[in-house]
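**Q** Next up is a structure, given as structure tokens.
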Amino acid sequence: MKHSLLLCSILILGLQLSFAAAGGYKDPQTPVEKRIDDLISKMTLEEKIDMIGGTGFGTKTNARLGIPELKMTDGPVGVRWGTSTAFPMAIMLASTWDTSLAGRYGWAISQEVKAKDRNVILGPCININRVPQGGRNFESYGEDPFLSSRTAVSYVRGVQSGNVAATVKHYATNNQEWERGTINNKVGERALYEIYLPAFKAAVEDGGALAVMSAYNRLNGSFCSENTFLLKDVLKKEWQFQGLVMSDWGAVHSTLATANNGLDLEMPTGDFLNKEKLLPLIKAGTVSESTIDDKIRRILRVMFRLGLFDQASSEKPQADGLPQRSVALDVARAGIILLKNENNTLPLNMSSLKSVAVIGPNAAVARTGGGGSAMVNPAPAESPLAALKRMYGKSVTFNYAAGVELPGAITPISADLLSPPNEPGKKGLLGEYFTNVELRGEPAVRRIDSIVNFDWGQRGPAAGIGADSFSVRWTGSIHATESGTFELSVSTDDGVRLSINNQLLIDNWNDHGEEARSVNYVMEAGKSYDIKMEYYQNQGGAVARLGLLKPSEDKMPGVIALAHKSDAVLLFVGDSQLQ
């Protein structure tokens with residue numbers, strides 16, 4: 001028995017040594033490029049194609065060859081994966097003008113990523129803030145190409161020092177959210193090279209970024225995910241980028257152009273880069289297998305650089321840990337900018353104050369960041385109002401007034417004001433639910449919804465209807481109890497249309513994250529008005545809200561009176577998470 005065990009051990013050791021001597025992809029002593037060559041040579045064409053379409057927030061695994069998942073998470077100001085540290089916004093990081101602090105920020109992000117057992121952070125966002133109304137300006141580093149470049153380099157180096165891949169986004173000219181999936185940005189070569197591309201170039205050449213994310217928009221006629229100039233001529237040839245180029249989520253629009261023009265990985269799934277669509281093109285010779293091999297090489301290169309094929313450490317940092325919080329606090333302190341301080345008004349002498357008016361909807365809410373991809377769910381956070389009361393509440397009276405409602409803070413239309421069609425005595429709206437995004441055919445479900453205030457998340461809205469690819473039409477009438485200008489508002493993810501008396505008032509019929517829209521409409525007391533809200537959900541979250549503010553609900557007169565009778569006013573301004 002002992003002889004048999006010894007013989008087995010010798011055989012196993014011999015096989016391991018033989019594999020190592022051959023320089024196989026499982027041998028950590030073999031140079032990375034040789035490991036990649038060996039692994040690609042063992043993959044079938046079908047396995048290669050499978051790997052260039054994502055699975056939500058990662059790549060497909062290959063059990064036969066032991067290829068792991070490359071696991072991603074949203075960023076760039078924290079990890080949108082469970083509870084994590086909510087770091088100060090990127091624009092505040094840039095306002096520190098401190099590259100060493102940006103490096104610490106990136107390192108702290110890497111600890112959060114590893115704590116969540118992910119490998120890739122989808123950040124930094126380094127698009128130039130072209131206009132102040134840009135919906136994601138807070139995610140990037142401002143309007144200056146040099147400041148953006150140096151901050152991005154330090155962030156990338158900091159992230160990757162923690163053995164996490166940074167993904168610079170959104171390449172390129174993704175400088176507005178409005179119609180981002182269809183807009184064609186016409187930008188001259190000089191403006192590109194002097195304003196819009198320097199931060200990407202620095203992040204790749206100086207920062208050594210392992211991944212780049214292509215943008216939603218078109219640039220000079222071609223979608224960024226199939227843009228030869230951006231992906232092949234500039235990024236891969238001119239800048240000699242060796243890493244992975246992935247699409248933004250749902251930003252791919254073709255198979256042939258995308259496959260040939262430089263994109264390596266379609267996210268979140270392979271709707272266009274899949275076996276059914278690519279194999280005929282490869283067979284016809286319009287897409288070469290060597291093109292597919294280059295995509296695989298770049299994906300594997302990131303995996304090998306991160307050590308995913310080798311023995312991983314069992315130790316993980318703590319999410320929302322003290323080292324990360326310390327960095328977040330340092331950035332917040334260093335990034336604050338005081339523009340004006342007449343008569344040394346600040347800091348307030350709290351010992352001399354008896355009453356303080358705290359005004360603004362953001363005062364009573366802990367706004368830890370923006371919405372969308374940059375949304376982070378921190379541990380329970382304290383609002384400014386709560387912190388003021390905790391620190392000074394024994395000696396100072398704090399009087400709070402919201403003043404206004406922000407987009408997304410929708411007050412649903414009361415069921416008492418709504419009547420479904422042909423249902424005397426009932427309250428609410430008729431909801432017709434369809435199993436497609438075009439409101440086509442017969443509805444799968446008809447029901448009366450007392451209010452329209454839904455957040456279905458990853459669930460379907462009714463039995464027999466999936467979480468994605470559905471649409472709803474709500475119809476009925478709204479009864480005005482007073483005369484004046486009413487504010488009607490909707491907040492949805494994805495498309496929405498709102499009509500009153502067959503007049504289209506809001507038209508936001510496209511794919512998008514949760515967005516709020518509002519419109520003023522004059523109504524007369526005692527009259528009823530036909531109302532119709534149409535909504536569709538394609539992918540991702542599923543939110544549909546319909547709200548109303550009456551003329552009598554104007555809160556501003558009371559806010560002004562409160563300010564007049566207080567010793568000091570603290571005004572908290574800003575937007576909601578729904579730009």
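The values are calculated or read from the model by the stated rules, or taken from the named source; none is laboratory data. Only a predicted model underlies this, so the values are computations on that prediction, with no experimental measurement involved. Note that each Cβ is placed from the backbone with ideal geometry, even for glycine, and that neighbours are counted across all protein chains shown.
**Q** Is there a residue in segment 526-542 that is modelled with pLDDT under 95, touching a strand residue (DSSP E or B) at 6+ places or on another chain (Cβ under 6 Å), surrounded by fewer than 22 Cβ atoms within 10 Å (Cβ to Cβ) and not acidic (D, E)?
**A** yes
**Q** Please state which one of P407, P378, P420, P384 is surrounded by 17 or more Cβ atoms within 10 Å (Cβ to Cβ), modelled with pLDDT of 90 or more and either farther than 29 Å from D530 by Cβ or under 24 Å from the mean Cα position of the chain (by Cα) (or both). Even if it seems obvious, please write down each step before you answer.
**A** Numbers: P407 fails: modelled with pLDDT of 90 or more; P378 fails: modelled with pLDDT of 90 or more; P420 fails: either farther than 29 Å from D530 by Cβ or under 24 Å from the mean Cα position of the chain (by Cα) (or both).
Exactly one residue qualifies, and that residue is P384.
**Q** While we're looking at this one, here's another question. If you take the residues in segment 269-287 that are more than 28 Å from the chain's Cα centre (by Cα) and touching a residue at least 60 places away in the same chain (Cβ under 8 Å), which one is farthest from E46 (Cα to Cα)?
**A** Residues of segment 269-287 that are more than 28 Å from the chain's Cα centre (by Cα), as a first pass: 275-287.
Keeping just the survivors that are touching a residue at least 60 places away in the same chain (Cβ under 8 Å) gives 275, 278-279, 282.
Details: K275: 7, L278: 10, L279: 8, I282: 11 Å.
The residue in question is I282.
**Q** Against the conditions (1) crowded, with 22+ Cβ neighbours inside 10 Å; (2) within 24 Å of E266 (Cα to Cα), where does M89 fall short? Just the number, please.
**A** So M89 meets the others, but not (2).
**Q** So, of the residues in segment 343-373 that are aliphatic (A, V, I, L, M) and in a strand (DSSP E or B), which turns out to be surrounded by the fewest Cβ atoms within 10 Å (Cβ to Cβ)? Quick ask: steps written out before the conclusion?
**A** Start the filter on segment 343-373 by keeping residues that are aliphatic (A, V, I, L, M), which leaves 346, 348, 350, 353, 356-359, 363-366.
When the remaining residues are screened for being in a strand (DSSP E or B), the result is 356-359.
On the way: V356: 20, A357: 23, V358: 23, I359: 23.
Checked segment 343-373; the qualifying residue surrounded by the fewest Cβ atoms within 10 Å (Cβ to Cβ) is V356.
Quick grid of which residues meet (1) over 18 Å from L122 (Cβ atoms); (2) outside any strand (DSSP E or B); (3) among the charged types (D, E, K, R):
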position	(1), (2), (3)
W178	yes, yes, no
R190	yes, yes, yes
A203	no, yes, no
G208	no, yes, no
S225	no, yes, no
F241	no, yes, no
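**Q** Kindly indicate the residue of segment 442-473 that is more than 23 Å from the chain's Cα centre (by Cα) and among the acidic types (D, E) and also surrounded by the most Cβ atoms within 10 Å (Cβ to Cβ) among those meeting that condition.
**A** Among those that are more than 23 Å from the chain's Cα centre (by Cα) and among the acidic types (D, E), it is D449.
**Q** On to the next question. So how many residues does segment 97-139 have that are closer than 19 Å to V187 by Cβ, of a type in the set (S, T, N, Q) and at pLDDT 95 or above?
**A** Adding up the residues that qualify gives 1.
**Q** Right, something else. When the residues of segment 311-328 are narrowed to those that are surrounded by 11 or more Cβ atoms within 10 Å (Cβ to Cβ) and not small (G, A, S), which ends up nearest to R35 (Cα to Cα)? Outline the logic, then answer.
**A** We begin by selecting, within segment 311-328, every residue surrounded by 11 or more Cβ atoms within 10 Å (Cβ to Cβ); these are 312, 316-321, 323-328.
Now narrow it down to the ones that are not small (G, A, S): 316-318, 320, 323-325, 327.
Details: K316: 27, P317: 29, Q318: 32, D320: 36, P323: 36, Q324: 35, R325: 39, V327: 37 Å.
Result: K316.
**Q** Sticking with this structure for a sec: Starting from residues that are among the aromatic types (F, W, Y) and more than 22 Å from the chain's Cα centre (by Cα), keep the ones in segment 225-260 and report whichever is surrounded by the most Cβ atoms within 10 Å (Cβ to Cβ). Don't jump to the end; show me each part of the working.
**A** Pass one, segment 225-260, residues among the aromatic types (F, W, Y): 229, 239, 241, 249.
This time we only want the ones that are more than 22 Å from the chain's Cα centre (by Cα), so: 229, 239, 241.
Details: F229: 17, W239: 17, F241: 24.
Ranking the qualifying residues of segment 225-260, first place goes to F241.
**Q** In segment 414-526, which strands (runs of 3 or more DSSP E) lie fully inside it and hold 1 or more residues that are of a type in the set (G, A, S)?
**A** Working: elements: 429-434, 445-449, 453-455, 470-479, 484-493, 496-500, 503-508, 515-523.
The strands (runs of 3 or more DSSP E) meeting that bar are 429-434, 470-479, 484-493, 496-500, 515-523.
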